[in-house]
1. Of everything in the stretch 114-156, what is under 13 Å from the mean Cα position of the chain (by Cα) and in a loop (DSSP other than H, G, I, E, B)? Give them in sequence order.
2. Output the number of the condition that Glu38 fails; it satisfies all remaining conditions of (1) crowded, with 19+ Cβ neighbours inside 10 Å; (2) among the charged types (D, E, K, R); (3) out of contact with any Leu (no Cβ under 7 Å at 6 or more places or on another chain).
3. May I ask you to list pairs of residues, at least six apart or on different chains, whose Cβ atoms are under 9 Å apart, with the first in the stretch 92-103 being on the phi < 0 side of the Ramachandran plot and touching a residue at least 60 places away in the same chain (Cβ under 8 Å) and the second being buried (at least 20 other Cβ atoms within 10 Å of the Cβ) and part of a helix (DSSP H, G or I)?
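Every number in this text was worked out from the coordinates using simple rules, so none of it is lab data. Computed from a predicted model, the values in this text were never measured in an experiment. Glycine gets a Cβ as well: all are built from the backbone with ideal geometry, and neighbour counts include every protein chain shown.
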Amino acid sequence: MKSQKKIFEELKLKDKKLIKILDSKKKCPFLLKPIIKEEFLFFELAQSIVGQQISAKAADAIWKRIISYSNNKKDFLIFIANSNLRWARKQGLSQRKHEYIKIIAKNIILKKISLVSVEELNNEDAINFLVGLKGVGPWTAEMFLMFAYRRMDVFSMGDIALRRAISEIYKVDRNDYDQIKSITDKWAPYRSLVCWYLWEYLGV
């Protein structure tokens, strides 16, 4: 893996607009080595599912309540696999979201699915595998690849905040997907890293 400084230099040569976006004082977490273990990956995926379609504040409150019942990530995996709907509702978790994370937890324990195996897949195949899990759509899969596996070259066209940032910086329509794609293609193979700094730019 190249240093952050070297990556910044490459990106700024490709796209001058990134000079004001890439802040060397902030370290992108995607440059850290991922922990590729079933329980760690499940923890990340469950958090993504719990946070879907609710405010960040509400998601954080529910998540803190849910994880308070486990001492570590392995315990959390087992706990969720054996949890019931009554408990979930007390934590503020919807029936559907509870069902999604419980099924995934059970299938990991039964070795019917492996999140670790996703590490061996390319981005397209990894996303196809992940969206095959109930409760995981394209946006969740893309975020999961970025934050859990530290994939460096993922861009989520479905992320409204990213399109808004690009619209502001490049003066393009946020719904002009072709133009946005032509901009983001220049950032390869570090699109995930630029995404992180765009979120920072917006203060998301």
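1. Scanning the stretch 114-156 gives Val136, Gly137, Ala148, Tyr149, Arg150, Arg151, Met152, Asp153, Val154, Phe155, Ser156.
2. Answer for Glu38: the failing condition is (3).
3. Short answer, once both residue conditions are applied: none.
To keep it simple, each residue is scored yes or no on (1) part of a helix (DSSP H, G or I); (2) in contact with a Lys or Arg (Cβ under 6 Å, 6 or more places away or on another chain); (3) more than 22 Å from Ile78 (Cα to Cα).
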| site | (1), (2), (3) |
| --- | --- |
| Leu18 | yes, yes, yes |
| Ser24 | no, no, yes |
| Phe30 | yes, yes, yes |
| Ile36 | no, no, no |
| Phe40 | yes, yes, no |
| Glu44 | yes, no, no |
| Gln53 | no, no, yes |
| Ala58 | yes, no, yes |
